[in-house]
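To keep things clear, I will list the structure first and then write my remarks on it.
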Amino acid sequence: MPIVRAVIIDVVLAALGCWAVWAQGVYRAPSAYLTVVLAAVTVATTALTVVFWLYAAFVGVGTTQAQRRPLELVSNAFAIAILGFCFYSLFLFTNGKFDLSVPVPHATEIVSIGMDEPTLGVTSPFVWATIRSWRNPGATERLLLRWDERLRLWGGQPVVVSVRSGFYGRPWVSAIELDVERQSRAVLALVPAAVQIRKDLAAFYARTGRFTDAAATTRDYAHDFPADRDFPIGMAKLLTTRDRFKDVVTILADVVGRREDAEAYMLLGYALAMQGQRRADGLAYLERARAMQPRNWWPHYALGWAYAAGGDYTRAVPSFEQAVALRRGLTDAERELQRLRPLAARR
């Protein structure tokens with residue numbers, strides 16, 4: 001059935017085209033020819049629909065296979081164009097999906113946001129941004145915008161572009177966001193005591209991978225606003241999940257001296273113990289936290305790792321055992337127990 005086959009092919013191509021646009025929007029690579037490619041895909045997709053209806057009409061009036069052959073050739077040409085776009089999107093998808101590199105932020109500026117430029121004589125339904133290049137001074141880059149970025153970005157706005165190196169070595173942009181640093185510095189120059197601005201700045205640094213700046217900003221904030229206990233503790237938790245132990249110490253070194261706080265002792269103690277140079281101080285903080293909250297699994301868990309890192313297996317084993325007893329599902333602690341029990345028995 002020629003019509004049924006044409007319908008199936010068109011549906012599959014439409015689905016592949018939607019996926020390709022999604023992949024290029026998420027794992028996007030900067031390109032000066034982005035609008036040309038998008039316009040070409042728009043033309044091909046629209047033309048496939050027109051050709052399909054023409055083909056259906058030709059079949060309906062009883063034309064021969066030879067008479068329908070030109071339409072089939074045109075349809076195949078547009079289908080190949082869409083498939084080429086899909087294969088390029090597959091390359092970008094795997095390049096970003098399997099990329100383990102750390103995002104590198106680049107401060108730049110949006111020149112304009114376009115969605116109706118008359119490229120190739122058609123209007124593309126996609127939204128892109130023209131951004132001053134962070135690679136070539138004086139040049140510009142074009143990037144697709146995600147729907148959430150489209151809502152909060154506009155032309156002339158300072159932004160930070162987070163670039164990752166790519167699994168295949170093809171750099172791609174993982175995020176475009178407001179340059180909170182530039183805006184915050186301008187506000188703080190006028191109102192140095194703006195609490196929320198300083199917190200937003202620290203969070204921005206952490207979000208863009210500038211962990212040392214995040215720690216220093218949080219430390220200064222905690223010094224100026226000692227009554228706010230939750231924000232430095234929250235930032236220390238975030239940096240602990242990133243194994244940024246030195247930065248955790250930067251944040252909490254002064255905080256722990258102001259009040260008895262088991263959570264601060266846990267985080268600072270773990271950070272100190274896992275660095276090695278001040279392991280004894282870290283263990284003291286963790287033991288103090290465990291004494292304050294004996295039913296909390298986390299200080300036992302942290303002590304298990306800290307003692308194990310220092311080679312004290314006879315103390316690491318009971319610490320892990322207590323953590324597992326208080327919190328089911330700690331598979332990493334259970335695996336570590338299997339490894340450490342024979343070592344502790346020998347000691």
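Our note on the geometry: Cα centres of region 130-205 and region 254-316, 37 Å apart. Among the lysines, select those whose C-alpha is under 16 Å from the C-alpha of Lys246, and discard any that sit fewer than 8 residues away in the same chain. Hits, sequence-local ones excluded: Lys237. Rounded to the nearest 0.05, the FRET efficiency derived from the C-beta distance between Ala227 and Ala175 at R0 = 30 Å is 0.35. The charge dipole of region 180-346, taken about its Cα centre with unit charges on the Cβ of Lys, Arg, Asp and Glu (plus for the first two, minus for the last two), comes to roughly 320 debye.
Computed extension gain for Thr241 through Val102, at 0.36 nm per residue and net of the alpha carbon distance, reaches 48.5 nm. The alpha carbon gyration tensor of region 285-342 gives principal lengths a ≥ b ≥ c with a/c of 1.5 or higher and a/b no greater than b/c, which makes the shape oblate.
Every number in this text was worked out from the coordinates using simple rules, so none of it is lab data. It should be emphasised that the depicted structure is a prediction, and the values quoted were computed from it without experimental measurement. Positions of Cβ are backbone-derived with ideal geometry, glycine not excepted, and every protein chain shown enters the neighbour counts.
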